[in-house]
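First up is the structure itself, then whatever we jot down about it.
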Amino acid sequence: MNKLINQSIAILVPCYNEELTVAAIVRDFNACLPQAVVYVFDNNSKDATVRLAREAGAVVRNVPLQGKGNVIRRMFADVDADIYIMVDGDNTYDASVAPKLAEKLVDEGLDMVVGTRVSTEQEAYRFGHRFGNRLLTGSVAAVFGDTFTDMLSGYRVFSRRYAKSFAAHSAGFETETELTVHALELRMPVAEVETIYRSRPEGSVSKLNTYRDGVRILWTIIKLFKTEKPLAFFSLAFFAFMLAAVGFAVPLLQTYLATGLVPRLPTAILSVALSLFGVISLNCGLILDTVTKGRIEQKRFAYLAISAPRVKHV
């Protein structure tokens, strides 16, 4: 805990209609990290979330654009700190682990520490959510690298240079995917720490829609694959087009070798067109790969412009 005394710490709590839990979160984090400032970013709540957060001692900011991704964008832009601790406003995460997460970040010079959810409560972490998380985490690992086991955790600690180099694009719950890919893309030092995941208190309702948000997250992974790995993405399109072209061309070639004729001219034209589409896709991938590398270098420079997290001595 002494290692955090000279660190400025911000607790970031995105909230939407969390009147049953927000006060407890503010109190718990104030007790565990008394030197930290708790910020509650309210996203158009219709209940008493704002009032209860202020009464509990939090600094409340309002974000009119709906969606967790929009809230995180404002959090990182508006708050200055050495360490950022982000936690969902549903009181399902253990506040007492926060000092351990922050100390690990500082001790090891990391840029992100993820609180990996561990739960024995079926209601807290339902099978559908577990399966979806594993599927989506595995998809990201296959494309960007195998580092995390719980990509969708809402309990994370960030360094200042992570927060200030993160160009948020997502609007909703798919933002966790973007947070993960940003760290993997720049090859940041990261870690995971297991933390207890509780069920919501009675009367509190999850804002996550398993199927709708799962599809949105999967679509975000595909878009990030196209944006961050364009050569691989368009190479797949190249092989798909060329495979289809060869499939149509082989019977035509057999007929031509046997008779000297090409009786199915439309099929021949289709085969040539698919081949051209394949070549165009490959060229797009080569060009965009060069552009992407330049963009990643610029993000890397912005990241390196901020000093790494370290223990501050008096």
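State which residue is surrounded by the fewest Cβ atoms within 10 Å (Cβ to Cβ) when the search covers only segment 268-284 and only residues that are of a type in the set (Val, Ile, Thr) and free of Cβ contacts under 8 Å to residues at least 24 places away in the same chain. Across segment 268-284, the extreme among qualifying residues is Ile269.
Okay, residues lined up against (1) out of contact with any strand residue (DSSP E or B) (no Cβ under 8 Å at 6 or more places or on another chain); (2) under 25 Å from Thr137 (Cα atoms); (3) at pLDDT 90 or above; (4) of a type in the set (A, V, I, L, M):
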position: Leu261; (1), (2), (3), (4): yes, no, no, yes
position: Phe277; (1), (2), (3), (4): yes, no, yes, no
position: Leu288; (1), (2), (3), (4): yes, no, yes, yes
position: Ala305; (1), (2), (3), (4): yes, no, no, yes
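Exactly one residue out of Phe241, Phe234, Phe225 is touching a residue at least 12 places away in the same chain (Cβ under 8 Å), out of contact with any Gly (no Cβ under 6 Å at 6 or more places or on another chain) and either among the aromatic types (Phe, Trp, Tyr) or part of a helix (DSSP H, G or I) (or both), and it is Phe225. One residue alone among Arg300, Arg310 is within 27 Å of Phe173 (Cα to Cα) and open to solvent by 40 Å² or more (accessible area, probe 1.4 Å), and that residue is Arg300.
Over 26 Å from Glu194 (Cβ atoms), β-branched (Val, Ile, Thr) and either without any contact (Cβ under 8 Å) to a residue 24 or more places away in the chain or open to solvent by 10 Å² or more (accessible area, probe 1.4 Å) (or both): does that describe Val59?
Taking the combined requirement at face value, the residue satisfies it.
Against the numbered list (1) farther than 30 Å from Ile9 by Cβ; (2) part of a helix (DSSP H, G or I), Gln298 comes up short only at (1). What do you reckon, is Val190 in contact with a Ser or Thr (Cβ under 9 Å, 6 or more places away or on another chain) and either of a type in the set (D, E, K, R) or at pLDDT 85 or above (or both)? Here the answer is yes, as Val190 does meet what is asked. Please count how many residues of segment 254-267 are aliphatic (A, V, I, L, M) and open to solvent by less than 100 Å² (accessible area, probe 1.4 Å). Final tally of qualifying residues: 2.
Return yes or no: is Arg51 surrounded by 19 or more Cβ atoms within 10 Å (Cβ to Cβ) and among the basic types (Lys, Arg)? When the stated conditions are applied, Arg51 does not pass them. Cβ-Cβ distances below 8 Å connect the following pairs, each with a first residue in segment 32-50 that is charged (D, E, K, R), a second residue that is assigned to a strand (DSSP E or B), and a separation of six or more residues or different chains: Asp42/Cys15; Asp42/Val60; Asp42/Arg61; Asp42/Asn62. Per the listing Ser199, Ser170, Ser165, the residue uniquely at pLDDT below 90 and open to solvent by less than 30 Å² (accessible area, probe 1.4 Å) is Ser170.
The values are calculated or read from the model by the stated rules, or taken from the named source; none is laboratory data. This one's a predicted model, so the numbers in the text were calculated from it and none came from an experiment. Quick reminder, even Gly has a Cβ in these numbers, built from the backbone with ideal geometry, and neighbours come from all protein chains shown. Remember, those area values only see protein heavy atoms, side chains included, never the ligands or the DNA or RNA. Shrake-Rupley method; radii C 1.70, N 1.55, O 1.52, S 1.80 Å.
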